[in-house]
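S.K.: There's a structure below that I have some questions on.
Rule-based calculations on the coordinates, nothing more; no lab input. For clarity, every value in this text was computed on a predicted model and none was experimentally measured. Here the Cβ is made from the backbone with ideal geometry for all residues, glycine too, and neighbour counts use every protein chain on show.
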Amino acid sequence: MAGLVVKKIGLAVAVLLALTCGSFCFFAWLGGFGHSPGPSLLTLYWRWLRGLFGGSTLHEFSQPTFTRNFTLQNVTMLQALGHTVVLLACAFVLVVVFSIGLALLAASRRGSGLDVGARALAYLGWAVPGFLLALLVQLLVNAVGGARGVGPFPIAGWPGTCPAGIGVNSGHLTPCPGAGSGARYVLNVLRSTALPALTLAAGFVGVHARYLRSALLETLARPFITTARAKGLPERDVLTRHALRASLATFVGALLSDFGAILGAAIAVDWVFQFNGLGTVFISEFPVDFGSVNPYSLVPLLFLTALLVIATSTVGDVATYWLDPRVRRRG
Amino acid sequence: MSDVAVAVELEAVERRNGFSRRTLRRLTRQPVTVAAFVLLVIELGAGALAPVLEKKGWNNIDLSDRWHNHAPTIHGHLLGTDNIGRDVLARVLWGIHASEQTAIIGGIAATVLAAVAGLTAGYFGGWFDAVVMRIADLVTGFPVIVVLIVVFVWLRPVTIWDATLVFALALWPFGARVIRAQTVAVAAEEYVAAAQALGASNRRILFRHLLPNAGGTIVVTLTALVGQIVLIEATAEFFGFGVASIARPTLGNLIGEATISGIGPYNVLGLGWWVWASPMIALVLVLACISLAGDGLDAALNPRQ
């Protein structure tokens, strides 16, 4: 186990180094850095990398970010990362809970209306892109509750930051949501995360419920399930304790290998809901042309995105190892 | 040629011939898949015929005052007009035209790359396999949309052909993974070992045995990649990266253009719902039909699942 973790972390560091080096040199070259006389691109990268450990680069993460018109955004990169992590975490919890529930019901009642419904949901989730679903949810909220949102759930925005994104309420968020402090802040965060997280999760629940359902059906045909049934175990225990436990590794693997797509959709949802996460910062900070590109503001963003991806895949590998004894035996 | 070799060849050929006839029968037995195929053909056909159906192009403006922001009507503009009097139907059809061109050509190119990489990596293995699969891991783990935005800004102004090329280069690893897995399984079969023992060349084994066996997977990969390209292109262009709506309407930039300031309570352009709803419905229909048709094909080609 420890060996696996060390190996995975080593690989992750290597990938991160390659990625930051490549993107830093690319953007610096486009932005006109690294010409002689002056330090070379690799020297500049080395300085940037050194700065990551307590120097100027680290400082960059807690500086306000800018839009492409150089107007100040009132969110720093670390805050943006935080917003995205909260959005992703809430969406992940929703996807896991709903997919497992839906898959268990669909697998135990094969061919029923519920099974067909879950299947239809999978196709719908696939056919409606994240940005479109977010826009439609906003339109619906706007139609039902107006520009303030529905009940306790605001139509867009993150508590304490005034957004200027896109969507139903672009640039006109009324009112700018208050942050509050302590428990009040947590509550506000949950309130404004509810709609975006549900939107993000909705696109993936159907698909992953389908994966898990087929994994469950495959497991249910195995001899050890017959044994469990023959021993007189109630069907609910057969399903949850035995079949689900054995299919969970497949499910977790599929969910985490889908992380790139989920993060891509999160960028869109973040942008439409003016969530001021990595997506909003990335899209609004990204220059429209590369004449004046600044590697020092773009590379940290890519670095944080890559960090998120790699951390998730490392956790996923370790989780699969832990969940699935077959993988463990193979080494 | 020895008897064994003939038998090996016969098996491969028989497999392929029986395969297509049975596949077609299995396919036509699924009403949903057939309906999806028909809808897809109608929609993509209308898009492909845009130069014939809407000869005046995507930027033709109806100058008369009553055609500004006009709701859909049977007289004149079937899907209404936008704020400067352009026909929404014409723009949507040309949008489908551009999107499907990128998706189909880019999808075929990506699938060819994926098939070459997947077959060779799966058959030869070793360091080549390791390198190809690590590249695939890198590309598939990172959100494609981020990479695309970077490349699109770099290539600005992006033409449809640029976008096609970028998609082919960015998406092949998704297909290569699946095709490689299939190839590894087939390469372990006895008849491949028999062919090798008989001295068949690598090229012969790849083309006579591995490629026909991966045929089903390749077709399914193609439909999946075409769908992915439509989806990702629409997302990037919705954000305002990629082909600009001034240069050429696509489904994504039509939705982006209409929703930036034409939706909800702050609709400064006074755009009607039909301006954003039409490209949205077209996009969702295309994506839904592709995924239904792709799943139907998958079920027909790999009946075990």
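S.K.: Under 1.5 on a/c is rounded, so check that first for the protein assembly as shown, then, if it is not, pick prolate when a/b is larger than b/c and oblate when it is not; a ≥ b ≥ c are the square roots of the alpha carbon gyration tensor eigenvalues.
M.R.: Taking the square roots of the gyration eigenvalues as a ≥ b ≥ c, the protein assembly as shown is rounded.
S.K.: Along the positive direction of the dipole of the protein assembly as shown (beta-carbon charges: Lys, Arg +1; Asp, Glu -1; about the Cα centre), which of B:Val243, A:Val5, B:Ala35 reaches farthest?
M.R.: Of the options given, the answer is A:Val5.
S.K.: Follow-up. Counting only other residues whose beta carbon sits under 13 Å from that of A:Ala197, what net charge do I get with K and R as +1, D and E as -1?
M.R.: 0
S.K.: Go ahead and set up a Gaussian network model of chain B, Cα springs under 10 Å, then flag whichever of B:Leu254, B:Leu171, B:Leu44 fluctuates most.
M.R.: Highest fluctuation of the listed residues: B:Leu44.
S.K.: Given Cα pairs under 8 Å that are at least 6 residues apart, what percent is the relative contact order of chain B?
M.R.: Averaging sequence separation for qualifying contacts and normalising by length gives 26 percent for chain B.
S.K.: Return the single residue from A:Ile283, A:Ile310, A:Ile225 with maximal mean-square fluctuation; model: Gaussian network over chain A, springs between Cα atoms under 10 Å.
M.R.: A:Ile225
S.K.: Test of understanding: given chain A, find the longest segment containing no trypsin sites (Lys or Arg not before Pro) that are in a DSSP loop and have at most 12 other Cβ atoms within 10 Å.
M.R.: A:111-230
S.K.: Can you tally the net charge around B:Gly296? Count Lys and Arg as +1, Asp and Glu as -1, for every other residue whose Cβ sits under 14 Å from the Cβ of B:Gly296.
M.R.: For residues surrounding B:Gly296, the net value is +2.
S.K.: Could you give me the ³J(HN,Hα) list for the stretch A:295-309, computed from phi with Karplus coefficients 6.51, -1.76, 1.60 and θ = phi - 60°, whole Hz, x at Gly and Pro?
M.R.: My calculation for the stretch A:295-309 gives x, 6, 9, 8, 4, x, 5, 5, 4, 5, 4, 5, 4, 4, 5 Hz in order.
S.K.: Which ³J(HN,Hα) values, rounded to whole Hz and listed in residue order, are derived for the stretch B:41-46 from phi using the Karplus coefficients 6.51, -1.76 and 1.60 in 6.51 cos²θ - 1.76 cosθ + 1.60 with θ = phi - 60°, glycine and proline given as x?
M.R.: 5, 4, 5, 5, x, 4
S.K.: Now, a different point. Treating only the Cβ atoms of Lys and Arg (+1) and Asp and Glu (-1) as charged, compute the dipole magnitude of chain B about its Cα centre; round to the nearest 20 debye.
M.R.: 440
S.K.: Sticking with this structure for a sec: Rounded to the nearest 20 debye, what is the charge dipole size of the protein assembly as shown about its Cα centre when +1 sits on each Lys and Arg Cβ and -1 on each Asp and Glu Cβ?
M.R.: Here the protein assembly as shown has a charge dipole of around 1640 debye.
S.K.: Turning to a different aspect of this structure: Which shape class applies to chain A: rounded if a/c is under 1.5, otherwise prolate when a/b exceeds b/c and oblate if not, where a ≥ b ≥ c are the square roots of the Cα gyration tensor eigenvalues?
M.R.: Note, shape of chain A comes out oblate.
S.K.: Continuing with the same structure: Report, in debye and to the nearest 20, how large the dipole of the stretch A:197-331 comes out about its Cα centre when Lys and Arg carry +1 and Asp and Glu carry -1 on their Cβ.
M.R.: 1080
S.K.: Hey, if you put +1 on the Cβ of every Lys and Arg and -1 on every Asp and Glu Cβ in chain A, which of A:Thr219, A:Ala122, A:Phe33 ends up farthest toward the positive end of that dipole?
M.R.: A:Thr219
S.K.: Could you state the angle between the C-alpha long axis of helix B:160-187 and the longest principal axis of the C-alpha atoms of chain B, as a value from 0 to 90 degrees rounded to the nearest 10?
M.R.: For B:160-187 against chain B, the angle is about 30 degrees.
S.K.: Using Cα atoms only, what is the angle between the long axis of helix A:41-51 and the major principal axis of chain A, expressed in degrees (0 to 90) to the nearest 10?
M.R.: So the inclination is approximately 70 degrees.
S.K.: Could you work out which residue, out of A:Gly206, A:Gly180, A:Gly277, moves most in a Gaussian network model of chain A, that is, has the largest mean-square fluctuation with Cα springs under 10 Å?
M.R.: Answer for the Gaussian network model of chain A: A:Gly180.
S.K.: Quick one: angle between helix A:2-30 and the longest Cα principal axis of chain A, in degrees between 0 and 90, rounded to 10, please.
M.R.: 40
S.K.: Sorted by packing (mean other beta-carbon atoms within 10 Å per residue), highest first, where do A:196-205, B:230-239, B:193-202 land?
M.R.: Highest-to-lowest ranking by the protection proxy: B:230-239, A:196-205, B:193-202.
S.K.: So, one more: Among B:Val139, B:Trp172, B:Trp161, which residue has its Cα furthest toward the positive end of the charge dipole of chain B, with +1 on Lys/Arg Cβ and -1 on Asp/Glu Cβ?
M.R.: Working it through, the farthest residue towards the positive pole turns out to be B:Trp172.
S.K.: How many partner chain Cβ atoms sit within 10 Å of a residue's Cβ in peptide B:235-247, on average, as a whole number?
M.R.: That average works out to 3.
S.K.: Can you run phi through the Karplus equation (6.51, -1.76, 1.60; θ = phi - 60°) for the stretch A:265-276 and list ³J(HN,Hα) in whole Hz, with x for Gly and Pro?
M.R.: The phi angles translate into 5, 5, 4, 5, 5, 4, 5, 5, 7, 6, 7, 6 Hz.
S.K.: Rounded to the nearest 500, what is the 222 nm mean residue ellipticity of chain A from helices alone, with -39500 (n - 2.57) per DSSP H run of 4+ residues and division by all residues?
M.R.: -23000 deg cm²/dmol
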